[in-house]
1. Taking the condition among the charged types (D, E, K, R) and touching a Gly at 6+ places or on another chain (Cβ under 9 Å), does Lys159 pass?
2. Among Ala269, Ala340, Ala253, which is the only one that is in contact with a helix residue (DSSP H, G or I) (Cβ under 6 Å, 6 or more places away or on another chain), open to solvent by less than 60 Å² (accessible area, probe 1.4 Å) and modelled with pLDDT under 90?
3. Answer yes if at least one residue in the range 101-110 is touching a Ser or Thr at 6+ places or on another chain (Cβ under 7 Å), in a helix (DSSP H, G or I) and polar (S, T, N, Q), and no otherwise.
4. Pull out all pairs, ordered by first then second residue, where Cβ-Cβ is under 9 Å, the residues are six or more apart or on different chains, the first lies in the range 165-180 and is under 16 Å from Phe304 (Cα atoms), and the second is hydroxyl-bearing (Ser, Thr, Tyr) and at pLDDT below 80.
5. Among (1) modelled with pLDDT of 90 or more; (2) β-branched (Val, Ile, Thr); (3) surrounded by 17 or more Cβ atoms within 10 Å (Cβ to Cβ); (4) farther than 30 Å from Lys165 by Cα, which single condition is Thr366 missing?
6. Under 6 Å by Cβ, and 6 or more places apart or on different chains, what pairs join a residue from the range 305-326 that is in contact (Cβ under 8 Å) with a residue 40 or more places away in the chain with one that is assigned to a helix (DSSP H, G or I) and of a type in the set (Gly, Ala, Ser)?
7. Quick check on my filter: what residues within the range 183-192 are of a type outside the set (Val, Ile, Thr) and either surrounded by 16 or more Cβ atoms within 10 Å (Cβ to Cβ) or in contact (Cβ under 8 Å) with a residue 60 or more places away in the chain (or both)?
Amino acid sequence: WRYLLGTSRSSVTRCKPGANCPSSHSGISRQLSPLSVTEDSSAPILELQSRGSSGVCGHRVERQNRSGDDGTQTHPENSSQENRIKARCLSCTSMVLKAVWGLLIILSVSSSWVGTTQIVKITYKNFYCPFFMTWFSTNWNIMFFPVYYSGHLATAQEKQSPMKKFRECSRIFGEDGLTLKLFLKRTAPFSILWTLTNYLYLLALKKLTATDVSALFCCNKAFVFLLSWIVLKDRFMGIVAAIMAITGIVMMAYADNFHADSIIGVAFAVGSASTSALYKVLFKMFLGSANFGEAAHFVSTLGFFNLIFISFTPVILYFTKVEHWSSFAALPWGCLCGMAGLWLVFNILVNVGVVLTYPILISIGTVLSVPGNAAVDLLKQEVIFNVVRLAATIIICIGFLLMLLPEEWDEITLRFINSLKEKKSEEHVEDITDSSVHLRSRSRANGTVSIPLA
């Protein structure tokens, strides 16, 4: 026993070869070394194991430390992989949601525009006052900002007061907000262009069918590119689309053998598309790119300007009997409210769709109004599609769709074709090399077989 006690107290231990070593010397050295807890968190465990007589080897502790180190190294890798998977899932879900919203907005935009056009045609049967209808529907734009603010209250986490939100969105007019000078300077030209666009569109609907007018109005995309090339000095890549739009316009007039009403209707529709294009180009030049709140504020401001300063025009037309009606009770208020409501819905969807989904889908929804109006006109038997009218409609729609391509679509197409050619050439070279190797192997095999045995 004394001998055993003496050996346990000494700093040197004797171990048989192949036996487990208690490693007491390592425990004593750890007790004497000034290591803190943060430097080595397993020091108390090592002290207990060195003091005990169970004969546990320090190799297990080293394995535990190594496994802990490996765990700390593998844990960030696993977490990074999980973050990547989550990011991919979020991006996929966002793309799916955008696609779903885009499909719904495409259908809503096309149906609202078709509904507006068809209600105007129905209203003309008993009531023909196009400027009064334009003025009445433009006044409904005042409700644009209240609709936007109600959506803000329903969706935003930090809700703002109406005046604070109004002042925030009025920055579209400048840093000082909306002043009387800016109200007259910035709103007047846009209000005139807005009124002219809608008024000429309604005049065209009196002379032409809804299908022809909606197809001709799609030329505004080509006019936007032309004006951007002239006014904003942007790069113009829509020469083919512009030529197709002009060709479709001429063919549309030729469809009725250049009849007087047909030519006047085509002129009204092209004028509406031109003023719409000028409105968009000037908006981009003076006001820049606005968000949804600023666009809602601006459209509501146009409605206030129309109510205050343009209300005298329908009054003058009424007393001069240019647009006269017997009494206000005789007005088709149902058709007028339906037309104005659908027009407001169309404008809201165009601005909301840019936020919720891809802007290209809004343009696709606009061009889909052409086949929608054509289907309704065929059901009502108001239009007979001859070859010229059908070709003109298809040419205008194709030109409109060409405008949706990116600016460098020709270079991208050439690069794609060249890449396909390079891949085919590489595959052809690989096939040639494989066939040559196969022929060589066959010749070698035939050579070995044809050598006579000695």
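The values are calculated or read from the model by the stated rules, or taken from the named source; none is laboratory data. If you're wondering where the values come from, they're calculated on a predicted model, not measured in any experiment. Using ideal geometry, Cβ is built from the backbone for each residue, glycine included, and neighbour counts are taken over all protein chains shown. Accessible surface areas use protein heavy atoms only, side chains included; no ligands, DNA or RNA. Shrake-Rupley method; radii C 1.70, N 1.55, O 1.52, S 1.80 Å.
1. On the way: among the charged types (D, E, K, R): yes; touching a Gly at 6+ places or on another chain (Cβ under 9 Å): no.
Here the answer is no, as Lys159 does not meet what is asked.
2. Details: Ala269 fails: modelled with pLDDT under 90; Ala340 fails: modelled with pLDDT under 90.
Being in contact with a helix residue (DSSP H, G or I) (Cβ under 6 Å, 6 or more places away or on another chain), open to solvent by less than 60 Å² (accessible area, probe 1.4 Å) and modelled with pLDDT under 90 holds for just one of Ala269, Ala340, Ala253, which is Ala253.
3. Within the range 101-110, the subset touching a Ser or Thr at 6+ places or on another chain (Cβ under 7 Å) is 101-102, 105, 109-110.
If we keep only those that are in a helix (DSSP H, G or I) too, we end up with 101-102, 105, 109-110.
Pick out the ones that are also polar (S, T, N, Q) and you get 110.
Looking through the range 101-110, at least one residue is touching a Ser or Thr at 6+ places or on another chain (Cβ under 7 Å), in a helix (DSSP H, G or I) and polar (S, T, N, Q).
4. Cβ pairs passing all conditions: Phe173/Thr179.
5. (1)
6. These pairs meet every condition: Phe305/Ser191; Asn306/Ser191.
7. So in the range 183-192, the residues of a type outside the set (Val, Ile, Thr) come out as 183-186, 188-191.
Hits for the range 183-192 are Phe183, Arg186, Ala188, Pro189, Phe190, Ser191.
Residues are listed down the side, and each one gets a yes or a no for (1) at pLDDT below 50; (2) open to solvent by 90 Å² or more (accessible area, probe 1.4 Å):
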residue	(1), (2)
Ser42	yes, no
Gln49	yes, no
Asn78	no, no
Arg84	no, yes
Thr93	no, no
Val100	no, no
Leu103	no, yes
Thr117	no, no
